[in-house]
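Before I ask anything, let me first share the structure, which is written out below as structure tokens.
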Amino acid sequence: MRYGIEKIKKFINVSRIYILYAFLTSIIFSLLVPNSICIIALFAGWLFEGDLKEKWNRLKKDFLFIAYAIYFFVQARGIFTATDFYTGWCAVEGKLGLLIIPVIFCSSTFVNQEMRKKLMMALGILLTLATLYCLSVNTVEYMHTRNTELFFYHRLVSAIDQHAIYFSVYIFIFIVFLLREKNIPLWLQQRAVIRISWILFFIGIIILLSSKMVLVFLIAYSVYIIIYHSSPKYKKWRPVFLGTVIVIFSSILFLFNNPVKRRFDDLLQNNVSLMQKQQYSRADYFNGIEFRLLLWRFTYEILRDNHAFVAGVGPANTQSMLQQKYLSMNLYAGDKNRGDQGYMNYNCHNQFLQVSLQSGVIGLLAFLFWCYMIIVKTIRKKNVVLSGIVLITFIFFFTESVLERQYGMILCSFFPLLFLYPEKEEKNS
């Protein structure tokens with residue numbers, strides 16, 4: 001009997017890395033169903049592995065896991081505030097991974113430095129393959145249409161049904177991983193040309209993806225690297241090289257007319273008085289800043305009108321109430337004949353705002369507790385890649401409702417937990 005249990009554990013340990021490879025593949029290529037299957041498979045392995053009592057003891061003492069659990073269960077109350085059980089369940093089901101993934105990683109010890117290297121290298125290879133595929137598909141289409149917009153923003157990654165900003169964030173995480181020599185495999189450490197070329201390739205792709213948030217953060221991070229490597233203990237060519245790269249790319253971005261420059265120029269044309277209008281025309285245009293400011297106003301008014309500042313309107317009701325607000329304010333509702341839905345599918349575009357609308361002050365406090373705990377754990381770990389993941393995720397919170405997408409939920413759970421656990425490993429190393 002004991003021999004059979006040991007064989008099961010050995011099989012789980014061997015197969016887990018392949019499930020994680022499949023998991024990463026499903027993230028990069030936007031395969032939602034396989035992604036869910038991989039999460040279920042990881043959880044099944046966690047159950048069959050046994051040692052549940054020991055795992056539970058770890059979980060109940062871990063404040064970060066408790067923070068994940070509290071946030072999830074605050075959101076799970078949406079089942080009871082929805083108009084029907086099915087709608088409520090759909091709102092909660094998409095966030096199950098925010099509980100299951102922490103259960104697996106916070107209570108297990110299977111992650112080690114070698115596994116992290118393998119998974120991060122797999123991430124880089126998958127990002128490269130996905131990018132080359134998209135470039136190939138769009139190049140073929142360009143030969144027929146001569147439309148250069150195919151190589152920018154969402155159009156660039158539409159062939160794999162990806163979101164340009166999320167894809168940019170994944171690339172940034174991998175760039176940070178490549179910049180730290182001790183994190184990467186030995187064969188790549190010994191081939192600096194390959195590593196530098198890989199970094200430059202991905203910097204170019206981030207520029208094409210045109211995410212303003214990621215581009216600004218990448219430039220700021222590069223400046224930090226230059227200052228950090230200006231210390232006498234580092235080779236002087238590194239800051240000079242990085243500085244040259246930044247100057248060249250910044251010149252291309254801001255001195256020549258291109259879609260990326262136009263996206264930044266659009267942000268400079270703000271009309272604050274537009275936010276104060278009591279009614280809008282369907283022809284009214286809002287840039288990114290204007291629309292996000294408008295969403296702050298709409299969120300406050302929805303909470304006020306529904307007396308929902310304490311508990312929110314419920315996760316299942318949030319989008320329908322936003323849609324009602326858009327329609328009542330006469331915002332552009334799209335054209336059904338063209339499949340254009342206008343502003344109807346737009347959420348709060350800010351995670352703090354989103355959780356406030358969904359769950360009021362209760363939900364916001366739960367989310368802030370999670371933020372506090374992951375910051376504390378990250379500071380204690382002193383891992384550069386982990387710090388980069390957490391920092392860009394937190395900046396992302398101010399521009400997008402990250403946890404409303406399955407891949408956003410994974411960004412906030414899988415990637416940081418991969419570097420945070422097991423905790424003892426860092427102490428012994």
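The values are calculated or read from the model by the stated rules, or taken from the named source; none is laboratory data. None of the values given here were measured: they were computed from a predicted structure. Positions of Cβ are backbone-derived with ideal geometry, glycine not excepted, and every protein chain shown enters the neighbour counts.
Scan the stretch 397-409 residue by residue and report those that are hydrophobic (A, V, I, L, M, F, W, C) and either surrounded by 22 or more Cβ atoms within 10 Å (Cβ to Cβ) or free of Cβ contacts under 8 Å to residues at least 60 places away in the same chain (or both).
Restricting attention to the stretch 397-409, the residues satisfying the condition of being hydrophobic (A, V, I, L, M, F, W, C) are 397-398, 402-403, 409.
Hits for the stretch 397-409 are PHE397, PHE398, VAL402, LEU403.
Now for a separate question. Identify all residues within the stretch 266-294 that are modelled with pLDDT under 80 and of a type in the set (A, V, I, L, M); write none if there are none.
Of everything in the stretch 266-294, those that are modelled with pLDDT under 80 and of a type in the set (A, V, I, L, M) turn out to be LEU267, LEU268, VAL272, LEU274, MET275, ALA283.
Answer yes or no as to whether ILE125 is in contact with a helix residue (DSSP H, G or I) (Cβ under 6 Å, 6 or more places away or on another chain) and either outside the structural domain of CYS412 (by TED's automatic domain parsing) or not in a helix (DSSP H, G or I) (or both).
For ILE125, the condition - in contact with a helix residue (DSSP H, G or I) (Cβ under 6 Å, 6 or more places away or on another chain) and either outside the structural domain of CYS412 (by TED's automatic domain parsing) or not in a helix (DSSP H, G or I) (or both) - is not met.
Condition first: in contact with an Asp or Glu (Cβ under 9 Å, 6 or more places away or on another chain) and without any contact (Cβ under 8 Å) to a residue 12 or more places away in the chain. Now tell me which residues in the stretch 323-341 satisfy that.
The answer is GLY334, GLN341.
Here's the yes/no breakdown for (1) surrounded by fewer than 16 Cβ atoms within 10 Å (Cβ to Cβ); (2) under 19 Å from the mean Cα position of the chain (by Cα); (3) modelled with pLDDT of 95 or more:
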position	(1), (2), (3)
GLY312	no, no, no
ALA316	no, no, no
GLN319	no, no, no
LEU327	yes, no, no
ALA333	yes, no, no
ARG338	yes, no, no
TYR343	no, no, no
GLN354	no, yes, yes
CYS371	no, yes, yes
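What's the total number of residues in the stretch 54-109 that are charged (D, E, K, R), more than 21 Å from LEU411 (Cβ to Cβ) and modelled with pLDDT of 90 or more?
5
If you don't mind, another one. Inside the stretch 150-193, can you point out the residues that are among the polar types (S, T, N, Q) and under 18 Å from LEU129 (Cβ atoms)?
Listed by number, the residues that qualify are SER158, GLN162, SER168.
Moving to a separate point now. Name the residue, out of ALA283, ALA316, that is in the same structural domain as TYR346 (by TED's automatic domain parsing), in contact with a Ser or Thr (Cβ under 9 Å, 6 or more places away or on another chain), in contact (Cβ under 8 Å) with a residue 24 or more places away in the chain and farther than 17 Å from LEU353 by Cβ. Break it down stepwise before answering.
Numbers: ALA283 fails: in contact with a Ser or Thr (Cβ under 9 Å, 6 or more places away or on another chain).
Exactly one of ALA283, ALA316 is in the same structural domain as TYR346 (by TED's automatic domain parsing), in contact with a Ser or Thr (Cβ under 9 Å, 6 or more places away or on another chain), in contact (Cβ under 8 Å) with a residue 24 or more places away in the chain and farther than 17 Å from LEU353 by Cβ, namely ALA316.
TYR133 fails exactly one of the following numbered conditions: (1) within 21 Å of the chain's Cα centre (by Cα); (2) at pLDDT 95 or above. What is the number of that condition?
Every listed condition holds for TYR133 apart from (1).
Given the options ILE40, ILE79, name the one that is farther than 17 Å from LEU403 by Cα, part of a helix (DSSP H, G or I) and under 24 Å from the mean Cα position of the chain (by Cα).
Among ILE40, ILE79, only ILE40 is farther than 17 Å from LEU403 by Cα, part of a helix (DSSP H, G or I) and under 24 Å from the mean Cα position of the chain (by Cα).
Would a scan of the stretch 31-50 turn up a residue that is surrounded by 12 or more Cβ atoms within 10 Å (Cβ to Cβ), under 19 Å from MET121 (Cα atoms) and β-branched (Val, Ile, Thr)?
No, every residue in the stretch 31-50 fails to be surrounded by 12 or more Cβ atoms within 10 Å (Cβ to Cβ), under 19 Å from MET121 (Cα atoms) and β-branched (Val, Ile, Thr).
Taking the condition of being aliphatic (A, V, I, L, M), at pLDDT 85 or above and more than 20 Å from the chain's Cα centre (by Cα), how many residues in the stretch 200-242 meet it?
Counting residues in the stretch 200-242 that are aliphatic (A, V, I, L, M), at pLDDT 85 or above and more than 20 Å from the chain's Cα centre (by Cα) gives 1.
Something else: Given the conditions (1) assigned to a helix (DSSP H, G or I); (2) modelled with pLDDT under 95; (3) in contact with a helix residue (DSSP H, G or I) (Cβ under 8 Å, 6 or more places away or on another chain), report the number of the one that HIS144 does not fulfil.
(3)
Please report, ordered by residue number, the helices (runs of 4 or more DSSP H) entirely within the stretch 168-231 with at least 1 residues that are out of contact with any Cys (no Cβ under 7 Å at 6 or more places or on another chain) and of a type in the set (D, E, K, R).
192-209, 212-228
Which condition number in (1) touching a residue at least 24 places away in the same chain (Cβ under 8 Å); (2) surrounded by fewer than 18 Cβ atoms within 10 Å (Cβ to Cβ); (3) not charged (D, E, K, R) is the one that PHE202 fails?
Going through the list (1) touching a residue at least 24 places away in the same chain (Cβ under 8 Å); (2) surrounded by fewer than 18 Cβ atoms within 10 Å (Cβ to Cβ); (3) not charged (D, E, K, R), PHE202 breaks only (2).
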